[in-house]
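The values are calculated or read from the model by the stated rules, or taken from the named source; none is laboratory data. Source: prediction; values computed, not measured. Heads up, the Cβs are rebuilt from the backbone with ideal geometry, glycines too, and the neighbour counts pull from every protein chain shown. Each accessible area value is taken on the protein alone, full model and side chains, heavy atoms only, with ligands, DNA and RNA left out. Shrake-Rupley method; radii C 1.70, N 1.55, O 1.52, S 1.80 Å.
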Amino acid sequence: MAVISKLNNLVELAREKSCDRRRSLLREVTDLFFEETPERDSAVSGRFDEVLSALAEQTAVDAREELSHRFADTPLAPRGLVLKLAQDAIEVAGPMLSKSSVLSEDDLVVIAEEGGQDHLKAMSRREDVSERLSDTIVRRGDDETVATLISNEGAQISREAFETVSERAENSTVLQGPLVKRTDTPNDILADMMLTVRNHLRDQIMDRFDSVDPDIIDQAMAVSKARLAARMQQDKAIGEAQKYVRSMAMRKQLDGGLLARLLRENEPVKCHVAFAEMTGVDYVAAKRALEQDSIDPLALICKSAGFDKALFVTLAVLRHKNSEDAFRDARELGQLYDRITADDAARAMRFWRIRRDMAA
């Protein structure tokens with residue numbers, strides 16, 4: 001019990017309440033632990049845990065931060081101390097949450113349920129993140145935190161979590177890049193994202209699809225369409241809009257002027273159905289192209305359908321008619337449209353038309 005004697009002697013030397021002495025004592029006890037590291041769950045380990053935990057509570061944040069860095073990589077670190085440090089301020093908790101193997105999955109999930117975004121981010125950077133912990137981080141984390149998790153290839157992501165993140169990515173560019181770049185993102189999730197991401201990410205998706213068996217791509221598109229159709233809850237309003245569009249087509253009035261009028265009159269469902277009919281994409285693709293912030297899908301679909309530049313710019317401006325910058329940006333929108341080649345449009349449309357042709 002020589003180690004315990006040394007430890008007790010060190011504690012006896014620090015009866016005074018000096019902060020400097022406590023900090024010095026904390027270092028001395030830590031040094032002693034690493035010089036003669038005790039076995040896990042032994043009496044000596046328990047005594048170290050007791051003393052270190054008590055001293056840590058009485059020292060400043062920077063001293064606890066130093067302590068956390070020293071013990072984060074140690075598999076024999078005292079468990080009580082590790083738990084205390086892992087629930088401390090993020091400066092202290094960060095090293096433990098991102099590295100310590102002493103923390104169990106249950107420990108991490110409990111902390112994830114209660115911790116702030118910085119604590120969740122630290123856990124998202126662990127070398128291995130269990131599926132259960134990932135689910136908790138996805139549920140509680142903001143977009144930056146979830147992007148950190150998705151960017152970590154060592155994190156196990158459940159199917160449900162992938163779907164949740166892909167839905168959030170529809171309106172979050174922060175999430176789109178990590179999802180597209182992740183190697184195990186399901187093909188049908190990538191197919192969903194073809195409708196929302198900007199061109200450089202869309203190109204990356206299509207490059208990945210180029211190396212995949214066409215039958216697998218067909219299956220992914222079918223799954224994507226079925227899931228998105230269910231989310232859209234195609235109800236009576238869509239059925240009525242389809243009847244309206246068919247009647248306008250019979251009257252030879254299904255044209256660009258109708259699309260512009262429907263947008264001006266705030267008839268989004270009719271406009272989405274008409275746009276889908278005129279361009280050869282499905283309702284989901286049409287709705288997203290006309291509603292999302294990214295202009296790229298709308299430009300690609302219009303170019304492929306042979307719409308002239310004036311109609312594209314009109315649709316692009318009217319879809320965000322409340323934007324102060326919309327008309328000011330009209331010239332830039334026209335230049336963007338001119339830069340899109342027929343090949344660019346055809347490549348993207350190949351996937352959207354596969355979706356349209358899938359059996360509902």
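Could you tell me what % of all Cα pairs in the stretch 74-116 have separations over 16 Å?
On the way: 201 of 903 pairs.
Percent of Cα pairs beyond 16 Å in the stretch 74-116: 22.
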Taking the Cα atoms only, what angle lies between the long axis of helix 19-35 and the longest principal axis of the chain, rounded to 10 degrees? 90
So for the chain, taking the charge dipole from beta-carbon charges (+1 Lys/Arg, -1 Asp/Glu), which of MET96, ASN199, LEU298 sits furthest toward the positive end? LEU298
Which residues qualify? For VAL129, with a placed amide H closer than 5 Å and at least 5 residues away or on another chain, they are ALA155, GLN156
With axes computed from alpha carbons, what is the tilt in degrees of helix 159-169 against the longest principal axis of the chain, rounded to the nearest 10 within 0 to 90? 60
Cα axis of helix 105-114 to longest principal axis of the chain: angle in degrees, 0 to 90, nearest 10? 70
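At 1.4 Å probe size, with the rest of the protein present, what percent of the exposed accessible area of the chain is carbon and sulfur atoms? Please report the intermediate quantities before stating the final value.
Numbers: 8380 of 17600 Å².
Taking all protein chains in place, the chain shows 48 percent carbon and sulfur surface.
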Which percent of Cα pairs goes in each bin when the distances of the chain are cut into 20 angstrom slices starting at zero? 25, 38, 22, 14, 2
Can you bin the stretch 114-153 into rounded, prolate or oblate? Criterion: square roots of the alpha carbon gyration tensor eigenvalues sorted a ≥ b ≥ c, rounded for a/c under 1.5, prolate for a/b above b/c, oblate for the rest. rounded
About the Cα centre of the chain, what is the dipole size in debye to 20, counting +1 per Lys and Arg Cβ and -1 per Asp and Glu Cβ, all else neutral? 1660
Flagged links, alpha-carbon separation over 27 Å, of LYS84/LYS121; LYS243/LYS309; LYS236/LYS287; LYS270/LYS303; LYS236/LYS303; LYS181/LYS270: LYS243/LYS309; LYS236/LYS303; LYS181/LYS270
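Using Cα pairs under 8 angstrom and six or more residues apart, how large is the relative contact order of the chain, in percent?
Working: 416 pairs, mean separation 34.4, N = 360.
It comes to 10 percent, rounded to a whole number.
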Top mean-square fluctuation among SER104, SER304, SER172, Gaussian network model of the chain, C-alpha springs under 10 Å? SER104
Under the rule that an exposed site lies in a DSSP loop and has at most 13 other Cβ atoms within 10 Å, name the longest stretch of the chain with no GluC sites (Glu not before Pro) of that kind, not counting the sites themselves. 154-264
Solvent-accessible area per residue, Å², over the stretch 22-169 with all protein chains present [probe radius 1.4 Å]: 44
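Classify the stretch 167-229: rounded, prolate or oblate, from the alpha-carbon gyration tensor (a ≥ b ≥ c, eigenvalue square roots; a/c under 1.5 rounded; otherwise prolate if a/b is larger than b/c)?
Values: a/c = 1.93, a/b = 1.24, b/c = 1.56.
Cα axes put the stretch 167-229 in the oblate bin.
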From phi via Karplus (6.51, -1.76, 1.60), per-residue ³J(HN,Hα) for the stretch 39-47 in Hz, x at Gly/Pro: 5, 4, 6, 7, 4, 5, 4, x, 5
Rg/Rh (Cα only; Kirkwood hydrodynamic radius) as it applies to the stretch 77-209: 1.03
What does the accessible area of VAL109 come to, in Å² to the nearest 10, when a probe of 1.4 Å is used? 10
